[in-house]
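Beneath this line is the structure, given in structure tokens, with notes to follow.
The values are calculated or read from the model by the stated rules, or taken from the named source; none is laboratory data. On a predicted model such as this, the values are computed, not experimentally measured, just so you know. Virtual Cβ from ideal backbone geometry, glycine too; neighbours counted across all protein chains shown. These accessible areas exclude ligands, DNA and RNA; they are computed on the full protein's heavy atoms, side chains included. Shrake-Rupley method; radii C 1.70, N 1.55, O 1.52, S 1.80 Å.
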Amino acid sequence: ADSQTLRTVLTLRTLRYPPRGHVVAEVNVSDCEPALQLIGATLVEPVTVDVVMGRLLIVCAQNPGLAACYESLLGFFGDELYLKEWPELVGCTFGEVLRTFPDAVPVGVQRAEVTMSLHEHLRAEGAGSKAYAHKPAELMINPPDDYVIEEGDQIIVIAEDDDAYQPTTPEPLPRNTPVRVRAVQPQPQQLLIIGWRRDLPTMLQLLNDIVAPGSVVHVLSEVSLETRNMLMYDVDMPPMEDGCHSLGNMEIYHHTGSSTTRRHLRRLPLEAIDSILIIADESAGSQASLQSDSRCLASLLLCWDVASKGRASSRERSHSGVGPDILARFPRKHSANEQQILCEILDFRTRDILYQDKSIVNRFDFLLSNAIMSKVLAMVVEERAMKQVLLELLSPGGSEMLVRPYADLQEEVAHLQDTLSFWDLSAFVRQRGDILVGYKRHRELPVLNPKDKRAPLKLEAGDSIVVFSPSEDGWG
């Protein structure tokens, strides 16, 4: 498929009247993206499926409720991301801009391209060039409050449509906003990945950049250890030793078996797993997508059953697939609420069936990867800069979208509980370095960019808030 895409792009370049604007090309394997950029130059904006979906699966597996937020954010139904230049906001700080749009939520700035002199260009590039050169526009998600909007800057917002919002007089800040608290040190996790995909080694490298030191990842798949070791070697990972890979922050334990066989799952400490990611069969075509979904759902329910019985058992824990040191480091969970399960599905018919059963869709997270990838491509077609926005959100070290428990700050805002509005909560959250973009009530779908930001939210302990958070977490 990628070779055909390369040929198509080459044909477009040789037309007598080349296309105006940009061409979005879907790429299946990241190795083909440099060749496509070489041929397409500035005409083509490649979007690599492996990069987008691999990162999305990893970040959503770490945060309950996040998959539903991304499904709501991407596409053209409901509220999504837009960029627009507002000359009347030049000279304002980003902190003021945050409270200037009653019908949108600003989340970042796309800085204007800058024309540099020869001296500046030589200093930046270290080589000769023309007298003037263009510095690429800089993307800033969740910039500091004191950043001053400059001429040519575009404000990135979450809004219902590109003409559905306008700046107004900034909303006043509430009284007695709390001071920023010290961050909590992240703790080691134990995770389980079920299934295999060609970019899983790259996904594991990304996961290593996210988790705390001392974390453990189990990979259960029917793919042989020899094949896995070869694929790991292709991305410069150290060789496997006794079925284990050691990376900087985590150890990867490989297990061979079927996720639909109970005795294979009982080898693993499911009752002590923090997060389970179930990956769909990437080779499944349109006809086999339902079969892949059926297998993933069977794996999900079986994992849930084995984990539930393991938590309820009073017997001494013993699993043939792990050593006693791991059992000692990660005790069994007290309830199912402490365990996150994300299941990838391929067919929209599966999602429609699941959404009819609230007991399932409210307990587990599902990611309809094919539909999300289509939405991503459509967004990049409409606005080229959206590719960099999404990659920034999904990259380690950059700003990210997170779902946080409201209970973490409920005590601080208790004096405003009956009247606490979106504007009020936004100011409290901003003191912790985040941008409030929405909320998620317990067992309900998320609400991004609420329409009436002055109305009391009346959130409860089981609810969550949706934020854009900087790479340095400021939550206590």
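Share of the chain's accessible area from carbon and sulfur, percent, 1.4 Å? Write down the numbers at each step before the final one.
On the way: 11820 of 23190 Å².
Its accessible area is 51 percent carbon and sulfur atoms.
Quick one: net charge of L302's neighbours, Cβ under 12 Å, K/R +1, D/E -1?
Numbers: positive: R262, R263, R266, R295, K309; negative: D305.
Once all neighbours under 12 Å are counted, the net charge is +4.
Indicate, rounded to the nearest 5 percent, the antiparallel portion of the DSSP beta bridges found entirely in the chain.
Values: 37 of 66 bridges.
Antiparallel: roughly 55 percent of the beta bridges in the chain.
At 0.36 nm per residue, minus the direct Cα-Cα distance, what do S294 and E338 gain on full extension? Give it in nm, one decimal, please. Walk me through the numbers on the way to the answer.
Numbers: separation 44, 0.36 × 44 = 15.84 nm, distance 2.53 nm.
Between S294 and E338, full extension yields an extra 13.3 nm.
Using the heavy atoms of the protein chains alone and a 1.4 angstrom probe, what is the accessible area of the range 328-476 per residue in square angstrom? Show your work: numbers first, answer last.
Details: 6500 Å² over 149 residues.
With the other protein chains kept in place, the range 328-476 gives 44 Å² per residue.
Give the distance, in whole Å, between the Cα centre of the range 190-210 and the Cα centre of the range 93-110.
For the range 190-210 versus the range 93-110, the Cα centre distance is 35 Å.
In whole Å, how far is the Cα centre of the range 417-476 from that of the range 319-344?
First find each Cα centre; the distance between them is then 30 Å.
Which net charge results for the neighbourhood of S359, defined as the other residues with beta-carbon distances under 15 angstrom from its beta-carbon, given Lys and Arg at +1 and Asp and Glu at -1? Can you show the working numbers first?
Working: positive: K358, R363, R443; negative: D305, D357, D365, E444.
Residues near S359 contribute -1 overall.
By the scheme Lys and Arg +1, Asp and Glu -1, what is the net charge of all other residues having a beta-carbon under 15 Å from that of G214? Each step should come with its number before you reach the end.
Values: positive: R329; negative: D209, E251, D274, D325.
Every neighbour counted, the sum reads -3.
Under a point-charge model restricted to the Cβ atoms of Lys and Arg (+1) and Asp and Glu (-1), what is the dipole moment magnitude of the chain relative to its Cα centre, in debye to the nearest 20?
For the chain, the charge dipole is close to 1240 debye.
Rank V148, S421, I252 by how far each Cα sits towards the positive end of the charge dipole of the chain (+1 on Lys, Arg Cβ; -1 on Asp, Glu Cβ) and give me just the farthest.
Most positive-ward Cα: I252.
Between D325 and H22, what is the spin-label point distance in nm, taking each point 7 Å from the Cα along the Cα→C-beta axis?
Going by the 7 Å Cα→Cβ label model, 4.8 nm.
Could you please put H218, H442, H22, H264 in sequence from largest to smallest accessible area, using a 1.4 Å probe?
On the way: H218 0, H442 110, H22 55, H264 30 Å².
From most exposed to least exposed: H442, H22, H264, H218.
Cα centroid distance between the range 138-172 and the range 27-66, in Å?
Answer, in whole Å: 26.
Roughly how many debye, to the nearest 20, is the charge dipole of the range 248-367 about its Cα centre, given +1 on each Lys and Arg Cβ, -1 on each Asp and Glu Cβ, and no other charges?
Working: 16 positive and 15 negative charges, 124 e Å.
Dipole size: approximately 600 debye.
Pairs to check: K358/K458; K84/K453; K333/K387; K309/K375. Give those whose C-alpha atoms are more than 32 Å from each other in this structure. Please list the in-between numbers first.
Values: K358/K458 23 Å; K84/K453 21 Å; K333/K387 38 Å; K309/K375 39 Å.
Pairs exceeding the cut-off: K333/K387; K309/K375.
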